[in-house]
Ligand SMILES: Cc1cc2nc3c(=O)[nH]c(=O)nc-3n(C[C@H](O)[C@H](O)[C@H](O)COP(=O)(O)O)c2cc1C
Ligand code: FES
């Protein structure tokens with residue numbers, strides 16, 4: 001077998017040259033999230049300084065470090081000095097850093113988040129001691145925000161494709177054995193042992209066989225897969241090759257949602273680099289293994305994340321799920337044995353084959369080995385992308401890593417597992433994050449979206465939100481899901497409108513059980529979960545809506561009114577923004593809202609900088 | 001249009017029905033929507049019925065059958081955006097532009113759409129105009145966006 005040694009040596013030299021670079025370097029986190037926060041304008045500011053002021057500096061676009069709440073983030077390497085990570089960098093801030101730190105000797109500590117590469121600087125924590133990072137173990141994300149995702153050398157220099165080389169030296173059965181020893185379970189939601197799925201597919205007669213990477217990431221509120229593919233595409237691709245070899249596949253498909261254009265672009269670049277290096281095509285690295293990869297873009301249907309629907313979609317049909325068995329591992333794409341794995345599962349595989357199964361199994365709990373990435377969003381102070389050992393508690397994630405609730409509000413619930421999951425209240429904050437514990441609490445691990453809610457979020461509204469999502473995304477094939485979710489949605493709407501009765505609450509609960517038991521695929525089977533968990537943990541809030549016609553969180557429009565308090569300075573902003581013309585008052589004097597015209601759209605509430613508008 | 005369509009379709013093997021979705025995507029990327037003419041030609045090229053092309057295309061939310069406006073505003077209604085009240089942003093655009101979601105303003109300047117999550121949840125609420133993602137949106141910022149793209 002040929003190895004990549006020569007190429008890797010070259011790559012190591014590239015990487016070392018970078019570390020010994022005598023010019024200052026600026027790394028800008030420019031994944032989609034960084035861009036949304038203005039990263040490209042920051043890059044332009046550096047380019048401009050280079051052009052116009054002749055500043056000798058190298059700029060590199062990297063992926064997301066996970067500190068999304070501080071984006072855009074920039075790492076500045078000044079030769080001979082500690083490397084510093086800065087947050088909330090706008091073009092003027094960037095110019096200031098270039099001026100004060102690179103041209104002068106002032107490290108701009110007021111803008112600094114952490115030092116990188118183990119350096120120390122007074123008052124600034126090293127990266128790994130930053131409160132957002134301390135509890136993390138970054139195996140999957142180790143390259144994200146560190147390497148240039150378009151530079152193949154960077155991936156190789158950091159041990160890339162060693163896992164594949166190791167795998168190709170073993171018989172496929174032994175690769176599966178390694179994955180078994182690691183304890184890896186699928187990261188796409190269900191947590192099925194990865195090795196068992198592979199083994200099943202390997203043993204089933206029939207060829208060709210296929211491996212599909214599920215990069216649909218349909219759960220709203222989840223972005224782990226996007227960030228990984230944008231920041232380190234090869235780590236997933238390497239895992240896909242290893243999986244393909246293990247199950248005896250000759251072709252792989254990546255099914256990725258069209259809403260992720262940058263991730264698609266990064267994958268295309270990476271695939272052409274693989275082709276050039278002999279990592280795709282016939283006899284990969286002169287072994288007996290031949291394999292190719294094709295990208296298929298999704299077209300905006302949540303249900304296509306489900307395995308059988310995904311297969312239908314690749315075949316060019318409507319993404320309708322079908323009953324299982326037969327499982328895709330037995331009869332999948334075009335009736336051939338097919339394994340479908342999530343992006344993170346495959347990225348974990350490259351780690352396991354590179355560093356050995358024990359390095360992975362060492363982390364986590366006995367039943368849930370290794371690490372899991374989560375996207376932390378909603379009302380938490382520090383939103384972003386994290387990777388933690390399984391078994392960590394929700395409290396540690398939300399309070400230690402996330403820094404607690406934003407704007408000093410009170411924690412109300414955390415939604416885990418997306419539309420298939422549930423909302424857990426404060427009393428469950430000490431639940432360890434693993435498959436079984438979360439299921440026991442009535443929620444699920446899911447793919448890793450964590451959306452935190454505060455006291456201004458209404459439990460009924462959240463249940464309604466998820467149900468309208470699943471109802472709209474139901475493929476409509478089976479009646480329990482098609483009709484049942486519709487009926488449940490009507491009840492939720494009447495609760496929000498203040499026209500429901502207490503009997504309706506019971507009906508809602510029994511309908512939820514019926515839909516759960518009778519639906520064909522995972523979408524319908526889990527659609528009632530957000531309703532069931534909110535009913536279980538926030539029943540009094542439902543009752544307040546029904547009995548007292550009151551929405552305690554101040555969200556449900558039919559049950560609330562807006563009022564302006566004496567804090568009002570008469571700045572007139574709200575009156576100008578109100579689309580209904582419901583606010584009146586003299587400049588510099590307290591304004592009033594006409595309740596008959598007010599539609600509770602909240603435009604005034606958002607705009608008021610004096611917190612003078614309250615909801616009753 | 002029809003030669004350009006032909007040109008796009010030559011990339012797909014004749015009669016390969018599995019290429020239906022990629023073909024629709026290419027056509028929409030090029031013409032920004034799927035016209036009746038495109039449906040006819042795709043059907044003929046891939047040897048499937050026109051109703052099957054419609055059947056598949058209408059199942060997926062990505063495909064449009066009407067010509068979109070000059071700019072497309074997409075409001076994210078994903079969970080993270082929802083808990084940060086993106087419904088208010090959508091309502092703001094609907095009112096200010098006098099258009100409902102899924103449609104185009106009378107002057108053809110803006111189309112308003114919703115997305116289920118753009119994967120920028122940490123910067124919620126998120127609004128995407130054409131291909132530019134705007135995070136941490138507020139009504140006031142939305143007003144500025146309309147000004148910027150409206151002129
Ligand atoms: C309605 C529905 C949507 C799903 N969406 C996704 C998704 O977006 N990404 C994903 O990896 N798995 C998704 N799944 C789970 C997959 O069907 C499948 O279990 C997973 O891709 C298997 O990979 P794993 O074993 O590596 O976790 C979804 C399941 C259902 C029922
Ligand atoms: S929920 Fe809006 S970007 Fe994810």
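The values are calculated or read from the model by the stated rules, or taken from the named source; none is laboratory data. This structure is a prediction, so every number in the text was calculated from the model and none was measured. For neighbour counting, all protein chains shown are included, and Cβ atoms are generated from backbone atoms with ideal geometry for every residue, glycine included.
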The condition from (1) over 30 Å from residue A:30 (Cβ atoms); (2) part of a helix (DSSP H, G or I) that residue A:128 misses is numbered (1)
Checked region A:465-482 for anything part of a helix (DSSP H, G or I), surrounded by 16 or more Cβ atoms within 10 Å (Cβ to Cβ) and more than 16 Å from ligand 2 (Cβ to nearest atom); matches are A:467, A:471, A:480, A:481, A:482
When residue A:558 is run through (1) more than 30 Å from residue A:305 (Cβ to Cβ); (2) assigned to a loop (DSSP other than H, G, I, E, B), the failure sits at (2)
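Out of the helices (runs of 4 or more DSSP H) lying entirely within region B:1-63, which hold 2 or more residues that are at the interface with chain A (Cβ under 10 Å from one of its Cβ atoms)? Give the steps one after another, and end with the answer.
On the way: elements: B:2-9, B:20-31, B:36-46, B:50-59.
The helices (runs of 4 or more DSSP H) meeting that bar are B:20-31, B:50-59.
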When (1) at pLDDT 90 or above; (2) assigned to a helix (DSSP H, G or I) are applied to residue B:95, the one that fails is (1)
The correct count of residues that are surrounded by fewer than 18 Cβ atoms within 10 Å (Cβ to Cβ) and over 21 Å from residue A:372 (Cα atoms) in region A:135-157 is 2
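In region A:367-421, how many are assigned to a strand (DSSP E or B) and either out of contact with any strand residue (DSSP E or B) (no Cβ under 7 Å at 6 or more places or on another chain) or within 14 Å of residue A:187 (Cα to Cα) (or both)? Please lay out each step first, then the result.
Within region A:367-421, the first condition is being assigned to a strand (DSSP E or B), and the residues that meet it are A:369, A:371-378, A:380, A:384-389, A:393, A:405, A:411-416.
With the extra rule that they be either out of contact with any strand residue (DSSP E or B) (no Cβ under 7 Å at 6 or more places or on another chain) or within 14 Å of residue A:187 (Cα to Cα) (or both), the set shrinks to A:369, A:371-375, A:387-389, A:416.
Looking only at that region, the number is 10.
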Every listed condition ((1) touching a helix residue (DSSP H, G or I) at 6+ places or on another chain (Cβ under 6 Å); (2) modelled with pLDDT of 95 or more; (3) over 21 Å from residue A:253 (Cβ atoms)) holds for residue B:8 save (2)
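Would you call residue B:122 more than 13 Å from the chain's Cα centre (by Cα), within 30 Å of residue A:88 (Cβ to Cβ) and more than 13 Å from ligand 2 (Cβ to nearest atom)?
Details: more than 13 Å from the chain's Cα centre (by Cα): yes; within 30 Å of residue A:88 (Cβ to Cβ): yes; more than 13 Å from ligand 2 (Cβ to nearest atom): no.
So residue B:122 does not fit the description; no.
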Counting only residues in region B:61-79 that are within 16 Å of ligand 1 (Cβ to nearest atom) and crowded, with 21+ Cβ neighbours inside 10 Å, the one farthest from residue A:450 (Cα to Cα) is identified as B:78
Residue count, region A:188-241, condition within 14 Å of chain B (Cβ to nearest Cβ) and not in a loop (DSSP other than H, G, I, E, B), comes to 11
Within region B:93-122, restricting to residues that are out of contact with any strand residue (DSSP E or B) (no Cβ under 8 Å at 6 or more places or on another chain) and away from ligand 1 (no atom under 16 Å from the Cβ), the one that is nearest to the other protein chains (Cβ to nearest Cβ) is B:95
All conditions in (1) closer than 17 Å to residue A:222 by Cβ; (2) away from ligand 2 (no atom under 16 Å from the Cβ); (3) touching a helix residue (DSSP H, G or I) at 6+ places or on another chain (Cβ under 7 Å) are true of residue A:379 except (2)
For region A:518-571 the number of residues that are under 22 Å from residue B:83 (Cβ atoms), away from chain B (no Cβ under 14 Å) and within 16 Å of ligand 1 (Cβ to nearest atom) is 3
